[in-house]
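Q: I'd like to ask some things about the structure below.
The values are calculated or read from the model by the stated rules, or taken from the named source; none is laboratory data. All values reported here derive from a predicted model rather than from experimental measurement. Every residue, glycine among them, receives a Cβ derived from its backbone with ideal geometry; neighbour counts consider all protein chains shown.
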Amino acid sequence: MTSTAAAALYIPPLGDHLNSVSPAKPCTRLTLPDHRQHEWRTEYLGDLPEAAYYHPAAVLHLHGNGVGHHLPLNPVAWTLASAWRGFQLDYILVGHAVITGNEDHDGNLTPLPAQFTAQTEKAIAAATAWWCDNSFHLPHWPYTLDSPAFGPAIAATHQAL
């Protein structure tokens, strides 16, 4: 996290980056461009960026075929989306994730509001801390997504919101 204003947040997957992602640096603030936003999302997510709506004030962007491309798991994005929804998602989220504001009337993505950005960063840090503290490789995840073992991760993330 940096002190500059953000229009978007980037959440890397924990899988291959477990040693470089920490609760102290769980996400990166990004500047949302005014033009060529599809190309910008493609730069971070890959060739098929897809929008997912888990919160009324934000859009979570992921690779549209991350499972088919065998992208690494992103339990932090899954935990945040579950906390936003208020229940555990019954499917995994994989690959890099970018959070932006909603689309405006012209179809352009809007920046995240400052207070929402700060709250979301705290929630991402809480989710990252839980996954790092629990060794990421819990025997159930991602094979038993409805396991009560993940309730504490979602609760900590929700509390940070």
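Q: Scan the stretch 27-40 and tell me whether some residue there is in a helix (DSSP H, G or I), touching a residue at least 60 places away in the same chain (Cβ under 8 Å) and either hydroxyl-bearing (S, T, Y) or surrounded by 16 or more Cβ atoms within 10 Å (Cβ to Cβ) (or both).
A: Within the stretch 27-40, the subset in a helix (DSSP H, G or I) is 37-40.
Keeping just the survivors that are touching a residue at least 60 places away in the same chain (Cβ under 8 Å) gives 37.
With either hydroxyl-bearing (S, T, Y) or surrounded by 16 or more Cβ atoms within 10 Å (Cβ to Cβ) (or both) added as a condition, the list becomes 37.
Looking through the stretch 27-40, at least one residue is in a helix (DSSP H, G or I), touching a residue at least 60 places away in the same chain (Cβ under 8 Å) and either hydroxyl-bearing (S, T, Y) or surrounded by 16 or more Cβ atoms within 10 Å (Cβ to Cβ) (or both).
Q: Now for a different question. Filter the stretch 124-140 down to the residues that are more than 17 Å from the chain's Cα centre (by Cα) and assigned to a loop (DSSP other than H, G, I, E, B), then identify the one that is modelled with the highest pLDDT. Walk me through it before giving the result.
A: First, pick out the residues of the stretch 124-140 that are more than 17 Å from the chain's Cα centre (by Cα): 133-135, 137-140.
With assigned to a loop (DSSP other than H, G, I, E, B) added as a condition, the list becomes 134-135, 137-140.
Details: N134: 82, S135: 68, H137: 57, L138: 60, P139: 57, H140: 58.
Checked the stretch 124-140; the qualifying residue modelled with the highest pLDDT is N134.
Q: Six or more apart or on different chains, Cβ atoms under 8 Å: show the pairs whose first residue is in the stretch 92-107 and touching a residue at least 60 places away in the same chain (Cβ under 8 Å) and within 15 Å of T120 (Cα to Cα) and whose second is part of a loop (DSSP other than H, G, I, E, B) and of a type in the set (S, T, Y).
A: If the second residue must be part of a loop (DSSP other than H, G, I, E, B) and of a type in the set (S, T, Y), the pairs left are T100/T110; G101/T110.
Q: Restricting to the stretch 141-161, and then to whatever is surrounded by 19 or more Cβ atoms within 10 Å (Cβ to Cβ) and either farther than 18 Å from Y10 by Cα or acidic (D, E) (or both), can you tell me which residue is modelled with the lowest pLDDT?
A: Ranking the candidates gives W141 first.
Q: I would also like to ask the following. Does L60 satisfy being in a loop (DSSP other than H, G, I, E, B) and either of a type in the set (F, W, Y) or within 14 Å of the chain's Cα centre (by Cα) (or both)?
A: Here the answer is no, as L60 does not meet what is asked.
Q: Give the number of residues within the stretch 79-113 that are closer than 17 Å to P152 by Cα and outside any helix (DSSP H, G or I). First the steps, then the outcome.
A: We begin by selecting, within the stretch 79-113, every residue closer than 17 Å to P152 by Cα; these are 79-90.
If we keep only those that are outside any helix (DSSP H, G or I) too, we end up with 86-90.
Residues meeting the conditions: 5.
Q: Going through the stretch 85-123 one residue at a time, which ones are surrounded by 14 or more Cβ atoms within 10 Å (Cβ to Cβ), under 14 Å from H55 (Cα atoms) and either within 11 Å of the chain's Cα centre (by Cα) or among the acidic types (D, E) (or both)?
A: Hits for the stretch 85-123 are V98, I99, T100, T120, A123.
Q: While we're on this one: I need every pair where a residue in the stretch 67-83 that is in contact (Cβ under 8 Å) with a residue 40 or more places away in the chain has its Cβ under 8 Å from the Cβ of a residue that is of a type in the set (D, E, K, R), sequence separation at least 6 or different chains.
A: Cβ pairs passing all conditions: P72/D16.
Q: Which of (1) at pLDDT 90 or above; (2) assigned to a loop (DSSP other than H, G, I, E, B) does V67 not meet, given it meets every other one?
A: Result: V67 passes all but (1).
Q: To continue, here is another question. For the stretch 49-92, how many residues are among the aliphatic types (A, V, I, L, M) and touching a helix residue (DSSP H, G or I) at 6+ places or on another chain (Cβ under 8 Å)?
A: Qualifying residue count, the stretch 49-92: 10.
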